[in-house]
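Report on the structure given below.
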Amino acid sequence: MDYDPEKHPGESAFSYSARHPSIVDDNNAVPGESFEVGDSTYAKLQRLAGRFKIEQRGIERVPDDERTEGAFMGLLNVGTMWLSANMVVSSFAIGLLANGVFFLGFVDAILTCLFFNLIGVLPVCYFSSFGPRFGLRQMVLSRFWFGWWGVKIIAVFNVLACIGWSSVNSIVGAQLLNAVNNDVPGYAGIIIIAVCTFFVTLFGYKIVHAYEFWSWIPTFIIFLIVLGVFAHSGAFVNIPMGVGTSEMGSVLSFGAVVYGFATGWTSYAADYTVYQPVTQSRTKVFFATWLGLIPALLFTEFLGIAIMTATTADGGNNRWMDGYTASGTGGLLAAVLFPPLGTFGKFCLVILALSIIANNCPNIYSVALTMMVLGRWTRVVPRFIWTAVATGVYIAIAIPGYYHFETVLSNFMDFIGYWLAIYEGISVTEHFVFRRGFSGYNPASYDDGKKLPPGFAAIFAFCCGIAGMVTGMSQVWYVGPIALHAGEAPFGGDVGFELGFAFAATAYAITRPIELKYFGR
């Protein structure tokens, strides 16, 4: 069986060779490339991957006849995917920042967490519904909004986000392992989590979904035990809600962190629904994703907020604060579990540490796909090789970042929220205003730069979004002029993601008609 463009519309010879590396010949080389497919290292690696049942597909569109994931099973898979990815100790650690960094009381922290999570998950849920309709990964879909060249800028941001997520998450897991056994240094815990994540993501889409389908269950049970033990201790402290300008600034800044975590999956939402049938209900995909995200995020973050308030009891002179000071998130959970549960408490902490694998799987699987968007040369490297490279990079970043976790976590979450808000502002405007919904796309042109938008309007709007972000951001190293008025000096309140979205969407709505007039695409 040979490649036939009439039988495989919208698919290049290169993508066909990726799926069937054993049957290609030298005539099916990628246009513009100088290597021979049949005898190339790429082909040999793909054949090796096929032998071990490793997913060979890269960013090529998934044909309708290969969408073998059943409609009902697809909904279960996407729901449990996000349930497992967020029912983790990293989500719990976000809740700790409410009081630990922003000095919020329990009630105002809970309300902030609820509101910003509800906003943050909406783009993830909506873009997940693009996967069944088009069979394209999220970064490839982004070509329809940012153009062939503009999307490369977005891809760079996404690579940084995936690597950063994985680094931050592995630090949390390593803290827990260190709290269980001080003889396990931070770097060892990071390497353990990274290697386990690599072996899950190595095999691709189906294995990632299979792992995520079940991994939330033991983690959820352990969190219930944490909740029960903490409630029984009577250590809960209900800090009253604050008032005034400083309170507003803290709410906005913590809200930016919560939003960044919740919306952080947006840039690869469609990656995990591409094998669902084209007839799949978009509404059902939306709510299956929502049901996976919201319960996990709220439960874990609310629990983190509640437990962190205990550190303020007796002026901070208690075992909760001692544990948190000694080993961050891991030390705090150890203070909850170890005295009443002993050895079983340590077992619980190990399970929570390993939950990081479920959180890192989407990052490391999707970062490889994102790399393939950067250029045709990156597509010559099989997906699983990029997975290995990304694993090594985030290990190298996480080890030195282990000793500055709170600062790294807060700043990184803000970065995620900023750039994704800009991305969302442009993509949502293009989708609803200019393409007027799903009917405005020709998915077969996803790999043809001449049929995609030039990207000038998107790049200009992205720059405008950055300008909005800068005026509204509130960081230790810089506070924007608008942020200063959103809270009490000198830190103000962080409104960077809100202004980034607004500036980007407005600029795109103004400049995209001009681009359409002159380029017609």
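Structure summary
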| quantity | calculated |
| --- | --- |
| Unmet requirement for residue 386, which otherwise passes all of (1) touching a residue at least 60 places away in the same chain (Cβ under 8 Å); (2) over 27 Å from residue 220 (Cβ atoms); (3) of a type outside the set (Ser, Thr, Tyr) | (1) |
| Selection status of residue 77, among the polar types (S, T, N, Q), part of a helix (DSSP H, G or I), out of contact with any Leu (no Cβ under 6 Å at 6 or more places or on another chain) and modelled with pLDDT under 85 | no |
| Set 115, 106, 130: member being of a type in the set (Phe, Trp, Tyr) and buried (at least 24 other Cβ atoms within 10 Å of the Cβ) | 130 |
| Residue 429 vs. criteria out of contact with any Pro (no Cβ under 9 Å at 6 or more places or on another chain) and over 23 Å from residue 263 (Cβ atoms) | no |
| Selection status of residue 195, crowded, with 19+ Cβ neighbours inside 10 Å and under 20 Å from the mean Cα position of the chain (by Cα) | no |
| Enumeration of residues in segment 321-365 that are more than 19 Å from residue 232 (Cβ to Cβ) and β-branched (Val, Ile, Thr) | 325, 329, 350, 351, 356, 357, 364 |
| Segment 53-69, residues that are in contact (Cβ under 8 Å) with a residue 60 or more places away in the chain and either open to solvent by 30 Å² or more (accessible area, probe 1.4 Å) or polar (S, T, N, Q) (or both) | 53, 56, 61, 63, 64, 66, 68 |
| Residue match in segment 229-251 (condition: open to solvent by less than 70 Å² (accessible area, probe 1.4 Å), of a type in the set (Phe, Trp, Tyr) and closer than 22 Å to residue 324 by Cα) | yes |
| Unique residue being under 24 Å from residue 124 (Cα atoms), assigned to a helix (DSSP H, G or I) and at pLDDT below 90 when the list is 425, 417, 401 | 417 |
| Qualifying residue in segment 298-310 (condition: more than 25 Å from the chain's Cα centre (by Cα) and of a type in the set (S, T, N, Q)) | yes |
| Selected residue (only one of 263, 283 is closer than 23 Å to residue 122 by Cβ and buried (at least 24 other Cβ atoms within 10 Å of the Cβ)) | 263 |
| Residue within segment 390-408 that is free of Cβ contacts under 8 Å to residues at least 12 places away in the same chain, open to solvent by less than 50 Å² (accessible area, probe 1.4 Å) and touching a His at 6+ places or on another chain (Cβ under 8 Å) present | no |
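The values are calculated or read from the model by the stated rules, or taken from the named source; none is laboratory data. Just so we're clear, the structure is a prediction, and the values are computed from it rather than from any experiment. A quick note on method: Cβ atoms are made from the backbone with ideal geometry, for glycine too, and the neighbour counts reach across all protein chains shown. Note: areas computed on protein heavy atoms with side chains; ligands, DNA, RNA excluded. Shrake-Rupley method; radii C 1.70, N 1.55, O 1.52, S 1.80 Å.
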